[in-house]
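Enquirer: Can you keep this structure in mind? I'll have questions shortly.
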Amino acid sequence: MSNLKTKLHEKILSHRQRTADLIKNHRDVVIDSVTIGQCIGGIRDVKCLVTDISSLDPYEGIRFRDKTISETFDALPHVPGCEYPYVEAFWYFLLTGEVPDMTQTLAVVEDFDKRSQVPCYVFDVLRAMPRDTHPMTMFSAAILAMQRESLFTRKYFDGMKKTDFWDPMYEDCCNLLAKLPSIAAYIYRMKYRSDTFIPPGKYLDIGGNFAHMMGIARPYDDAARMTFILHSDHESGNVSSHATHLVASALSDAYYSLSAGINGLAGPIHGLANQEVLRWIQEAFHKLGGQVPTEEDLREFIWDTLNAGHVIPGYGHAVLRKTDPRYIALKEFCEKHLPEYDLFKVVNMIYKVAPSVLMEHGRAKDPWPNLDAQSGVIHWYYGITEFDFYTVLFGVGRAIGVLANIIWDRALGYPIERPKSVTTDMLEKWAREAG
Ligand code: NMX
Ligand code: MLT
């Protein structure tokens, strides 16, 4: 090790003790309006973000514009002959809080169709990247590459009134959102289907078009609609939403902001957990020589994972304290469309075993599954077994929520986000003063 690195390592070891002591012995000391525990511990539960797009109760789970998941699915206009609503109707609903009728919905479908053509240079950027680049890196790079298209940035530097900021932001967000399904499908087909691109269809909604471009037959269009809607928003404090909002608060445009949010989503304990769930299940199969695990096998495998110091992917949550209703909604889809599928049975078995193991382990505050525990099995069933693609599907959905939010951020003129930091010395002084 270099001198510098050795010195740094010594410093880290002694500093860790100080931080651990503050958390263990002084976590409830209040400094201004937060505790030392919140200040060091990921700002948990501090109420300092505003959004009307969705709200999250620890026991009920998500509401979109005050509607539960099933109320949302029931209220919005459905694609004729399909089980799930138009994603475009959901976008209208998230932006306005009003349920659109079919005419209003079809107007958004038509508008998105006009905005959906991806500039050729985006494909050049993707093709220039090594083919083993992670699909989330490709997705984020494609979004960032399009930043030159931003109307907001152009109009801002031309001179624009603050009350007009929302307008080009709206245009940027619609332009971006309309292109994401094509970009996602392009990445998939380039990486995993021998570079065979399927051009977008005409007069199709987002879900229908995505299934078409992926080359997957019905009812994958419904699986896509459901996936995009369920992953859209989870109030504003989660990493991808917060990162998007934070970057947008510097008046960075939608391209910069969404790319930042997608980078946050790519973390293994945030959105990337959906790929990790399938990787982990495959490891369990592998360990058992390809056999479907029994409950006992699974219990042992879960303990092995925990004892190795790893998390059980798809389980736990920073806010939720019961089974994620998005998990339930995905499970209902599986019960209808793939009830006898072995992998779905394994996912159910994990649900039966993992919470009690996590409770016995005693670390996780929430031993219940989140949506990532259930989403991958659906895509696997329809032939997308390349699980490192799953977070891109999360990302297309998440874009709907975070883009709706940053349009409203501009509309309401929220200021640049700038919390205050303190030093460990200060924390220790306040801890001493509090006794
Ligand atoms: N398996 C093992 N340990 C866990 C788990 C889990 N699934 N969940 C939490 N813990 C541990 C956590 O690592 C922490 O350990 P330590 O004391 O050593 O630091 C302890 O339990 C307390 O953590 P919590 O306060 O319960 O959870 P926190 O709010 O810090 O983190 C998650 C929330 C979601 C990051 C965490 O539950 C986790 O890592 N889950 C597994 C990964 C996952 O499914 N992420 C997806 C979340 C949803 N999404 O899509 O973003
Ligand atoms: C999300 O959908 O963003 C995740 O459940 C994580 C979160 O809400 O913190």
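Enquirer: Return the residues of segment 223-265 that are open to solvent by 10 Å² or more (accessible area, probe 1.4 Å) and more than 27 Å from residue 171 (Cβ to Cβ); say none if nothing qualifies.
Expert: Residue satisfying the conditions is 237 alone.
Enquirer: Another one. Residues of segment 342-372 being within 19 Å of residue 325 (Cβ to Cβ) and not hydrophobic (A, V, I, L, M, F, W, C), which ones?
Expert: 348, 351, 352, 355, 365, 366, 367, 369, 370, 372
Enquirer: So which of 126, 106 ends up being open to solvent by 20 Å² or more (accessible area, probe 1.4 Å) and assigned by TED's automatic domain parsing to the domain that holds residue 184? First the steps, then the outcome.
Expert: On the way: 126 fails: open to solvent by 20 Å² or more (accessible area, probe 1.4 Å).
Selected residue: 106, the only one of 126, 106 that is open to solvent by 20 Å² or more (accessible area, probe 1.4 Å) and assigned by TED's automatic domain parsing to the domain that holds residue 184.
Enquirer: Now for a separate question. Identify the residue in segment 185-196 that is open to solvent by 10 Å² or more (accessible area, probe 1.4 Å) and without any contact (Cβ under 8 Å) to a residue 40 or more places away in the chain and, among all such residues, is nearest to residue 265 (Cα to Cα). Full working, then the answer.
Expert: The first filter runs over segment 185-196 and keeps only residues open to solvent by 10 Å² or more (accessible area, probe 1.4 Å), leaving 186, 189, 191-196.
Filter once more, keeping what is without any contact (Cβ under 8 Å) to a residue 40 or more places away in the chain: 189, 193-196.
Numbers: 189: 22, 193: 25, 194: 27, 195: 26, 196: 27 Å.
The residue in question is 189.
Enquirer: If residue 252 satisfies every condition in (1) more than 22 Å from residue 65 (Cα to Cα); (2) among the small types (Gly, Ala, Ser); (3) assigned to a helix (DSSP H, G or I); (4) away from ligand 1 (no atom under 14 Å from the Cβ) but one, which is the exception?
Expert: Unmet condition: (3).
Enquirer: Quick check, is residue 220 more than 10 Å from ligand 2 (Cβ to nearest atom) and either without any contact (Cβ under 8 Å) to a residue 24 or more places away in the chain or surrounded by 22 or more Cβ atoms within 10 Å (Cβ to Cβ) (or both)? Give the steps one after another, and end with the answer.
Expert: Details: more than 10 Å from ligand 2 (Cβ to nearest atom): yes; either without any contact (Cβ under 8 Å) to a residue 24 or more places away in the chain or surrounded by 22 or more Cβ atoms within 10 Å (Cβ to Cβ) (or both): yes.
Yes; evaluated as a whole, the condition is true for this residue.
Enquirer: List pairs: first in segment 1-19 and under 21 Å from residue 36 (Cβ atoms), second surrounded by 10 or more Cβ atoms within 10 Å (Cβ to Cβ) and polar (S, T, N, Q), Cβ under 9 Å, 6+ apart or cross-chain?
Expert: 15/424; 18/424; 19/424
Enquirer: Something else: Can you work out which of the residues in segment 266-293 that are under 30 Å from residue 176 (Cβ atoms) and open to solvent by 70 Å² or more (accessible area, probe 1.4 Å) is nearest to ligand 2 (Cβ to nearest atom)?
Expert: Just the residues of segment 266-293 that are under 30 Å from residue 176 (Cβ atoms), to begin with: 266-279.
Next cut, open to solvent by 70 Å² or more (accessible area, probe 1.4 Å) only: 268-269, 279.
On the way: 268: 13, 269: 9, 279: 19 Å.
Among residues in segment 266-293 that are under 30 Å from residue 176 (Cβ atoms) and open to solvent by 70 Å² or more (accessible area, probe 1.4 Å), the one nearest to ligand 2 (Cβ to nearest atom) is 269.
Enquirer: Could you tell me how many of the residues in segment 1-47 are within 16 Å of ligand 2 (Cβ to nearest atom) and either open to solvent by 90 Å² or more (accessible area, probe 1.4 Å) or not in a loop (DSSP other than H, G, I, E, B) (or both)? Give the derivation first.
Expert: Pass one, segment 1-47, residues within 16 Å of ligand 2 (Cβ to nearest atom): 38, 41-47.
Filter once more, so that each one left must be either open to solvent by 90 Å² or more (accessible area, probe 1.4 Å) or not in a loop (DSSP other than H, G, I, E, B) (or both): 38, 43-45, 47.
Matching residues across segment 1-47 total 5.
Enquirer: Which residue is nearest to the chain's Cα centre (by Cα), if the candidates are limited to segment 293-310 and must be under 15 Å from residue 353 (Cα atoms) and assigned to a loop (DSSP other than H, G, I, E, B)? First the steps, then the outcome.
Expert: Residues of segment 293-310 that are under 15 Å from residue 353 (Cα atoms), as a first pass: 293-306.
Adding the requirement that they be assigned to a loop (DSSP other than H, G, I, E, B) leaves 293-294.
Details: 293: 29, 294: 31 Å.
Going through the qualifying residues, I end up with 293.
Enquirer: Let me ask you something else. Working only within segment 7-64, note down all residues that are within 14 Å of ligand 1 (Cβ to nearest atom), under 22 Å from residue 370 (Cβ atoms) and aliphatic (A, V, I, L, M).
Expert: Those that are within 14 Å of ligand 1 (Cβ to nearest atom), under 22 Å from residue 370 (Cβ atoms) and aliphatic (A, V, I, L, M): 43, 46, 56, 62.
Enquirer: Out of segment 78-107, which residues are free of Cβ contacts under 8 Å to residues at least 60 places away in the same chain and closer than 22 Å to residue 218 by Cβ? Write out each step before concluding.
Expert: Initial filter on segment 78-107 (free of Cβ contacts under 8 Å to residues at least 60 places away in the same chain): 78, 80-81, 89, 92-93, 96-107.
Within segment 78-107, 78, 80, 81, 89, 102, 105, 106 qualify.
Enquirer: Are there any pairs, at least 6 apart or on different chains, whose C-beta atoms fall under 8 Å, with the first in segment 411-423 and in a loop (DSSP other than H, G, I, E, B) and the second modelled with pLDDT under 95 and of a type in the set (Ser, Thr, Tyr), and if so, which?
Expert: none
Enquirer: How many of the residues making up segment 146-162 are assigned to a helix (DSSP H, G or I), over 21 Å from residue 213 (Cα atoms) and open to solvent by less than 30 Å² (accessible area, probe 1.4 Å)?
Expert: Here is the first cut: in segment 146-162, the ones assigned to a helix (DSSP H, G or I) are 146-149, 151-158, 162.
Then keep just the ones that are over 21 Å from residue 213 (Cα atoms); that gives 147-149, 151-158, 162.
Then keep just the ones that are open to solvent by less than 30 Å² (accessible area, probe 1.4 Å); that gives 152.
Selection size over segment 146-162: 1.
Enquirer: Could you please give the count of residues in segment 294-324 that are surrounded by fewer than 20 Cβ atoms within 10 Å (Cβ to Cβ) and not aromatic (Phe, Trp, Tyr)?
Expert: 18
Enquirer: Identify all residues within segment 128-140 that are without any contact (Cβ under 8 Å) to a residue 40 or more places away in the chain and within 20 Å of residue 258 (Cβ to Cβ); write none if there are none. Steps first, please.
Expert: As a first pass, look at segment 128-140 and keep what is without any contact (Cβ under 8 Å) to a residue 40 or more places away in the chain: 128-130, 132-133.
Result: 129, 133.
Enquirer: Kindly indicate whether residue 289 is within 11 Å of ligand 1 (Cβ to nearest atom), at positive phi and out of contact with any Ser or Thr (no Cβ under 6 Å at 6 or more places or on another chain).
Expert: Working: within 11 Å of ligand 1 (Cβ to nearest atom): no; at positive phi: yes; out of contact with any Ser or Thr (no Cβ under 6 Å at 6 or more places or on another chain): yes.
When the stated conditions are applied, residue 289 does not pass them.
Enquirer: Separate question: Considering only residues of segment 338-386 that are of a type in the set (Gly, Ala, Ser) and within 16 Å of ligand 2 (Cβ to nearest atom), which is farthest from residue 273 (Cα to Cα)?
Expert: Start the filter on segment 338-386 by keeping residues that are of a type in the set (Gly, Ala, Ser), which leaves 354, 356, 362, 364, 373, 375-376, 383.
Next, from what is left, pick out any that are within 16 Å of ligand 2 (Cβ to nearest atom): 364, 373, 375-376.
Numbers: 364: 16, 373: 8, 375: 10, 376: 10 Å.
Per the criteria, the residue is 364.
Enquirer: I would also like to ask the following. Which ones in segment 383-398 are crowded, with 18+ Cβ neighbours inside 10 Å and either at positive phi or not in a helix (DSSP H, G or I) (or both)?
Expert: Selection gives 384 alone.
Enquirer: Further question on the same structure: Considering each residue of segment 355-382, count those that are surrounded by fewer than 23 Cβ atoms within 10 Å (Cβ to Cβ), small (Gly, Ala, Ser) and part of a helix (DSSP H, G or I), and give that number. Give the steps one after another, and end with the answer.
Expert: Filtering segment 355-382 down to residues surrounded by fewer than 23 Cβ atoms within 10 Å (Cβ to Cβ) leaves 355-368, 380-382.
Among the residues that remain, those that are also small (Gly, Ala, Ser) are: 356, 362, 364.
Within this subset, residues satisfying the condition of being part of a helix (DSSP H, G or I) are 356.
Number satisfying all stated conditions: 1.
The values are calculated or read from the model by the stated rules, or taken from the named source; none is laboratory data. These figures come from a predicted structure and were not determined experimentally. Cβ sites come from the backbone with ideal geometry, for glycine too, and all protein chains shown count toward neighbours. Surface areas here come from the heavy atoms of the whole protein model, side chains and all, with no ligands, DNA or RNA. Shrake-Rupley method; radii C 1.70, N 1.55, O 1.52, S 1.80 Å.
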